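The values are calculated or read from the model by the stated rules, or taken from the named source; none is laboratory data. For clarity, every value in this text was computed on a predicted model and none was experimentally measured. In this analysis, Cβ positions are derived from the backbone assuming ideal geometry, glycine residues included, and neighbour counts consider all displayed protein chains. Protein only, heavy atoms only, side chains kept; ligands, DNA and RNA dropped before computing areas. Shrake-Rupley method; radii C 1.70, N 1.55, O 1.52, S 1.80 Å.
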Amino acid sequence: MIVLKLGGSVITDKERAETLDGEALDRAADAVAAALESTSESLAEGLVVVHGGGSFGHHNASEHGVTTTAGTRDATAVHDVHGAMKTLNAFVLSRLLEREVPAVPVHPFSAGHRDGEGDLQLPTGQITTLLEEGFVPALHGDVIGHAGRGATIVSGDELVVELATSLEADRVGLCSTVPGVLDADDAVIERIDSYAAVESVLGGSEATDVTGGMAAKVRALLALEANASIFGLDELGGFLEGAEPGTTIE
Ligand code: IPE
């Protein structure tokens, strides 16, 4: 099965609070629908979609000072972040449903927690059941209960890594605003097998992003069993049908 993340910056306008990039989301939904209609082998065991927040979660989180490690015990803060992410999730689901993709929501806030070590604990019985029953579970970056700290942020990337491991994903894809991980000359690096080799070219994300930019993604994906691809929206269809576009992280 495939775990696919749609980056928050791809499907939203990250410079404007709570603004969808409807055109980009339509293109992503078209690619998912087309791949599910084809008899693509890599999708035979199903697809789990995870999306980021873009302008729907990060602004709320930073207003309340909540990050992946700085927690809040303010219920209003939890509602603000979770509410924004559910709103975006509803947009994603409706665009997929319009194209007859059987996408259903799984909200991490209600599904998991962080333990006292800060490690994500995410039971997946509901997700495997939904997959086996032919659904496309759609999760999202969220706020999540954190033992000893109230509630903190869980990023879409963290969910992808967790799900890829626990669901034994065959392939992982991160659809991003860039065509892959870029080197100093802005050329796509085709394969990455160690962080040290790319450390010097990976900067932080420029817009408000409480969960770290490309560097954090690469680090997390290197830890996976499955190969992961980072690619732009133009390559989403190809990825879902079996290609390895953009950067492959081994
Ligand atoms: C956003 O998730 C989580 C929040 C609630 C702040 P991500 O961190 O995965 O979102 P993007 O893809 O980087 O926007």
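Tabulated data for the structure shown
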| read-out | value |
| --- | --- |
| Protein accessible area in segment 1-124, 1.4 Å probe - carbon and sulfur % | 47 |
| Efficiency of FRET between Ser38 and Glu98 - r from beta-carbon atoms, R0 30 angstrom, step 0.05 | 0.95 |
| Computed magnitude of the charge dipole of segment 22-155 (debye, nearest 20; Cβ of K, R +1, Cβ of D, E -1) | 420 |
| Ellipticity estimate at 222 nm from DSSP helix runs (n ≥ 4, -39,500 (n - 2.57)) divided over the chain, nearest 500 | -10000 deg cm²/dmol |
| DSSP bridge pairs, segment 115-250: antiparallel proportion in percent, nearest 5 | 55 |
| Among Gly54, Gly134, Gly156: highest mean-square fluctuation, GNM of the chain, C-alpha pairs under 10 Å | Gly134 |
| Residues of segment 114-148 with amide N under 15 Å of a point placed 7 Å along Cα→Cβ from Thr19 | none |
| Selection from His107, Ala28, Ala75, by position along the positive dipole direction of segment 18-113 (Cβ) | Ala75 |
| Net charge dipole size for the chain [Lys, Arg +1 and Asp, Glu -1 on Cβ; Debye, nearest 20] | 760 |
| Ranked order, Ile249, Ile189 - accessible area, probe 1.4 Å, largest first | Ile189, Ile249 |
| Contour excess over end-to-end distance, with Cα ends at Glu225 and Asp185 and 0.36 nm allotted per residue | 11.5 nm |
| Glu241-Ala196 pseudo-label distance in nm [points 7 Å out on the Cα-to-Cβ vector] | 4.0 |
| Share of carbon and sulfur in the accessible heavy-atom surface of segment 146-192 [1.4 Å probe, %] | 45 |
| Choice from Ala77, Ala187, Ala34 showing the highest fluctuation, given a GNM over the chain with Cα pairs closer than 10 Å | Ala187 |
| Within a Gaussian network of the chain (alpha carbon springs, distance under 10 Å), most fluctuating of Val188, Val161, Val218 | Val188 |
| Residues whose placed amide H lies under 5 Å from that of Thr68, excluding near-sequence neighbours | Ile153 |
| Globularity index of the chain, i.e. its alpha-carbon radius of gyration over 2.2 N^0.38 Å | 0.93 |
| Of Leu93, Ser9, Val66, farthest towards positive along the dipole that unit charges on Lys, Arg, Asp, Glu beta carbons give segment 7-97 | Val66 |
| Cα gyration tensor shape for segment 9-128, rounded if a/c is under 1.5, else prolate or oblate | oblate |
